[in-house]
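Before any comments, here is the structure.
Please treat every number below as a calculation from the coordinates, not as lab data. Fair warning: this is a prediction, and the values are worked out from it, not measured in the lab. Cβ placement follows ideal geometry from the backbone for every residue including glycine, while neighbour counts extend to all protein chains displayed.
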Amino acid sequence: MQPERSPVDVHEPIRQALALVDHELKKASVQLVETFDVTLPQINANRVEIGQVILNLVINATHAMAENGGKLTIKTYKDQGAVCISVSDTGTGIPAENISKIFEPLFTTKGDKGTGIGLSVSKKIVTNHNGHLRVESIVGKGSTFTVILPA
């Protein structure tokens, strides 16, 4: 059974997710940069599920910067008729050999600090919303995860 969907301003679940992790971001010395396109159309989505995706991506980004802090950038924009949410960090990056595995259930590089469920659940949620979850990463520079959802 599909969770209930309704018109959603993507900025609402983003702000809710950020409010949940605000203390963790400060504790980890993570600088938050928000670049929101306030002209975005609403999407037909489950607000809670979209919030869960953002929360998972922000938590992963924070963990990737745990050693020295860094910068977390959340950007919303429209691209080719889709609503996009990118979550970028200045963390450790993901080695090329792991990129193809990161969305597999239970795959983790965090040892006992991670379950390996967050990204697989996020990908499933985005796919169920007829969207895509894209990743770009450079080891030592950071990663960007982009949620692409139909407008």
Extension reserve of the Lys101-Asn68 stretch, reckoned as 0.36 nm per residue once the Cα distance is removed:
9.3 nm
In angstroms, what radius of gyration and Dmax does the chain have, counting Cα atoms only?
14.6, 43
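GluC sites (Glu not before Pro) within the range 1-94: which are DSSP loop residues with at most 16 other Cβ atoms inside 10 Å?
Values: sites: Glu4, Glu24, Glu34, Glu49, Glu67; in loops: Glu4, Glu67.
Answer in residue order: Glu4, Glu67.
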Please give the helix 47-64 orientation as an angle from the longest Cα principal axis of the chain, in degrees from 0 to 90, rounded to the nearest 10.
20 degrees
Round to the nearest 10 and give me the degree value, 0 to 90, for the angle of helix 118-128's Cα axis relative to the longest principal axis of the chain.
20 degrees
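What does the charge add up to near Ile125, with Lys and Arg as +1, Asp and Glu as -1, over the other residues with Cβ less than 13 Å from its Cβ? Let's see the in-between values first.
Details: positive: Arg5, Arg47, Lys123, Lys124; negative: Glu49.
Result for the local shell: +3.
As an exercise, use a Förster radius of 35 Å and the Cβ-Cβ distance of His23 and Gln80 to find the FRET efficiency, rounded to the nearest 0.05.
Details: r = 37 Å, r/R0 = 1.05.
In this case the efficiency is close to 0.45.
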Between beta-carbons, use under 13 Å as the cut-off and find the net charge around Ala45, counting Lys and Arg +1, Asp and Glu -1.
-2
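Hey, what did the range 1-143 get for relative contact order, percent, Cα under 8 Å, at least 6 apart?
Values: 230 pairs, mean separation 33.2, N = 143.
Dividing the mean separation by the residue count of the range 1-143 yields 23 percent.
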Under a 5 Å amide H to amide H cut-off, with H placed in plane at 1.01 Å, what residues pair with Lys71 once short-range neighbours are removed?
Gln31, Thr90
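For the chain, what does -39500 (n - 2.57) per DSSP helix run (n ≥ 4), summed and divided by total residues, give at 222 nm, in deg cm²/dmol to the nearest 500?
-10500 deg cm²/dmol
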Could you work out the local net charge near Val30, counting Lys and Arg as +1, Asp and Glu as -1, over the other residues with Cβ closer than 9 Å to its Cβ?
+1
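Grab the beta carbon distance between Ser6 and Thr35, set R0 = 30 Å, and tell me the FRET efficiency rounded to 0.05. Before the final figure, lay out each step's value.
Working: r = 26 Å, r/R0 = 0.85.
After rounding to 0.05, the efficiency reads 0.70.
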Hz values of 3J(HN,Hα) by residue in the range 20-25 - Karplus curve (6.51, -1.76, 1.60), Gly and Pro given as x:
5, 10, 3, 4, 5, 4
